[in-house]
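Here is the structure we will look at, set down as structure tokens.
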Amino acid sequence: MLVTGGNRGIGRAIVERFLADGHRVCSADLGGEPPAGALGVTCNVADPAQVEAAFAAAEDAHGPVEILVANAGITRDSLIMRMTDEQFDAVLDVNLKGCFNVARRGVKSMMRGRYGRVVFMGSVVGLFGNAGQVNYSASKAALVGMARSLTREVGKRGITFNVVAPGFIETEMTAVLPTEVTDGFKAQTPAGRMGSVADIAHAVRFLTSDEAGYISGAVIPVDGGLGMGH
Ligand code: NDP
């Protein structure tokens, strides 16, 4: 399997979960070190050539990639009047084009094998919205359309495409937020607390299991109820 952004945060927890389950895992990440036992490949998902090289390395080491978790994502938050073109483009390039790049490459070999599991890491704010995250929420909402179009395009080949939509999860991405923002999110979350990276890894494990072969084009919230109804 291949996980993008698997050296840190949610991606790292996914890599560790699958290693523990006996999978051969490749982490394609910009930097850092993968968990022990995983193959680490340096890759910027926004660059199709680097994505091609990462898949080639994973296939050389492990054989065809049957499970793809497109997890790498970034934020460049700003209110719209102050959001620069660079902030908008950077987020769309990684979060949306990056998912397109890895899905296009992944599907190629999954179609040959007539089996595949693809999970895109969305976000509760993709459908719920969030002030200051016009770029980020738009990129995450777009993944729903991508997963559903891919499901219609190649669903007959035994490949599923789903979106996991985390709520507010304890990682380095959220550690930089001011306390008043963190407290605001907790207050809005029916569970009354932040989620853990393990919560997300469990959902990904289920969606990529053989048993989940009839679930495709779904958005699975893992958000303590924050986004209910959206
Ligand atoms: P982190 O910032 O903790 O980790 C992201 C990882 O992705 C890092 O290892 C990072 O590398 C890597 N990465 C960043 N850009 C690229 C790139 N262009 N190519 C390859 N790898 C890259 O994020 P989280 O673990 O918090 O988030 C993971 C995913 O979950 C993201 O898609 C995020 O949007 C989503 N999410 C997170 C939530 C949360 O509360 N944390 C809530 C909802 C969704 P490096 O360290 O070198 O920057």
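Residues in segment 19-44 that are crowded, with 22+ Cβ neighbours inside 10 Å and over 15 Å from Gly98 (Cβ atoms): Val25, Cys26, Pro34, Ala38. Show the residue pairs meeting these rules: Cβ distance below 8 Å; 6+ apart or different chains; first residue within segment 39-64 and acidic (Asp, Glu); second residue within 11 Å of the ligand (Cβ to nearest atom) and at pLDDT 95 or above. Hits for this filter: Asp47/Asn101.
I want to confirm something. Restricting to segment 59-74 and keeping residues that are in contact with a helix residue (DSSP H, G or I) (Cβ under 7 Å, 6 or more places away or on another chain) and among the hydrophobic types (A, V, I, L, M, F, W, C), which single residue is farthest from the ligand (Cβ to nearest atom)? Per the criteria, the residue is Val65. Checked against the criterion of being aromatic (Phe, Trp, Tyr), touching a residue at least 40 places away in the same chain (Cβ under 8 Å) and closer than 14 Å to Gly5 by Cβ, segment 121-137 has no qualifying residue.
Could you please let me know if Gly37 is within 22 Å of Arg12 (Cβ to Cβ), modelled with pLDDT under 95 and assigned to a loop (DSSP other than H, G, I, E, B)?
Values: within 22 Å of Arg12 (Cβ to Cβ): yes; modelled with pLDDT under 95: no; assigned to a loop (DSSP other than H, G, I, E, B): yes.
Answer is no for this residue.
Being free of Cβ contacts under 8 Å to residues at least 40 places away in the same chain and hydrophobic (A, V, I, L, M, F, W, C) is the filter here, so list the residues in segment 4-27 that pass it.
Answer for segment 4-27, where residues must be free of Cβ contacts under 8 Å to residues at least 40 places away in the same chain and hydrophobic (A, V, I, L, M, F, W, C): Val15, Leu19, Ala20, Val25, Cys26.
One residue is enough: does segment 141-164 have a residue meeting the conditions in contact with a helix residue (DSSP H, G or I) (Cβ under 7 Å, 6 or more places away or on another chain) and modelled with pLDDT under 95? No, that holds for no residue.
Ala203 fulfils the conditions (1) farther than 20 Å from Ala13 by Cα; (2) under 14 Å from the mean Cα position of the chain (by Cα) except for a single criterion, (1). Of the residues making up segment 42-58, one or more are near the ligand (Cβ under 9 Å from one of its atoms), over 20 Å from Val125 (Cβ atoms) and acidic (Asp, Glu).
The values are calculated or read from the model by the stated rules, or taken from the named source; none is laboratory data. These numbers were taken from a predicted model, which means no experiment stands behind them. As a convention, Cβ positions derive from the backbone with ideal geometry for all residues, glycine included, and neighbour counts pool all protein chains shown.
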